[in-house]
Amino acid sequence: MLLPSLSGLLLLAQNSPLLNVVPPEPVNAKQGSAFTVKLSATLNEGFHMNSHTPAETYLIPLTLKWTPGPVEANDVEYPKPEMLKLPFEAKPLSVVTGKSTLVTKFKVQANAQLGLVTVLGKLRYQACNDKACFAPKTVDIKLPVTIQ
Amino acid sequence: MTRHLIRALSLSALIVLIIAGCSTSRTASAQSVKPTKDRKVAPDFTLKDSSGKPVKLSDYRGKAVVLDFWATWCGPCKVEIPWFVEFQRKYKDRGLVILGVASGDEDWSVIQPFASLMKINYPLVIGNDTMADLYGGIEALPTTFIIDRDGRIAKLHVGLASKEDFQNAIEKVLDAAPEPQRTAAARAE
């Protein structure tokens, strides 16, 4: 059995993309009301992830999907992409780096049952650096909403 | 969770080994391959090609193999693929096989059109976690292993490499005869 050293674990952290997503704060909302939730995410330095609208069709976009229910996501506003030109790409890539914010507009159904519901989301991203790409990853998001 | 931890630990260990290996050979590694005595056996595997036919690594014993882990969504992989197409054409008769392992949960409906577009002229298989784990858990793409005629790993590239680097390594492994022939040649001397 190969046992990794501490330096190995540090290397692993430095050599793999990691999207740190801050769990959203709980929300109190009335039946029939609308609210927005900001999701803050930070990709470690040296990596970029495709934006929601990548420049090439073969690239995997950043997506945030919420499970339908009594609290429905109407619209997701994705972080504004930056254009990154890598030496081996014919045209610049549409990417997101560093700290980013995704804003979702929710609507509580008028006849939603009162009480606590947890809205589940899945944030999918695919990251690369200037030498390699990494498998797409999905971060599970939980948004607690108390319907009043 | 445990599986992910094991994969992370394996990858971490592999990276340590790669870095350790590179620390002594990186200067040479740009032009050359690992000395024969330091090469580890490439784990055998069986995967299916697009027609469902099993492809087994050990069936290529006696040939040199470039084992390329790639994905259709990987930009750096797209840079290397035309090189491999050229190498397959150029070195096939000298005993080189390029074997592409498609990674990343894509099926043939995505891979085949991509392969046609890229004019891929070498065998492709779809990889899986079990196979990737045999190779230390493949996280970064492209990852390419150059395997000598005796089925041992002569060189490893993680990430985009240079065409010249590949070419030099391929030439080296092709120039070396498989072990029984070397032994027979030594006896004859």
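The values are calculated or read from the model by the stated rules, or taken from the named source; none is laboratory data. The structure presented is a predicted model; accordingly, all values stated were derived computationally and were not measured. For neighbour counting, all protein chains shown are included, and Cβ atoms are generated from backbone atoms with ideal geometry for every residue, glycine included.
Numerical summary
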| quantity | calculated |
| --- | --- |
| Enumerated strands (runs of 3 or more DSSP E) restricted to the stretch B:21-114, each holding at least 1 residues that are under 24 Å from A:C128 (Cβ atoms) and modelled with pLDDT of 95 or more | B:64-70, B:96-102 |
| Strands (runs of 3 or more DSSP E) enclosed by the stretch A:23-63 - at least 3 residues per element that are among the polar types (S, T, N, Q) | A:34-43 |
| Qualifying residue in the stretch A:91-100 (condition: under 19 Å from A:P26 (Cβ atoms) and more than 14 Å from every other protein chain (Cβ to nearest Cβ)) | no |
| Single condition A:S100 does not satisfy, out of (1) within 15 Å of the chain's Cα centre (by Cα); (2) small (G, A, S); (3) modelled with pLDDT under 95 | (3) |
| Qualifying residue in the stretch B:150-164 (condition: surrounded by fewer than 16 Cβ atoms within 10 Å (Cβ to Cβ), within 14 Å of chain A (Cβ to nearest Cβ) and more than 23 Å from B:K56 (Cβ to Cβ)) | yes |
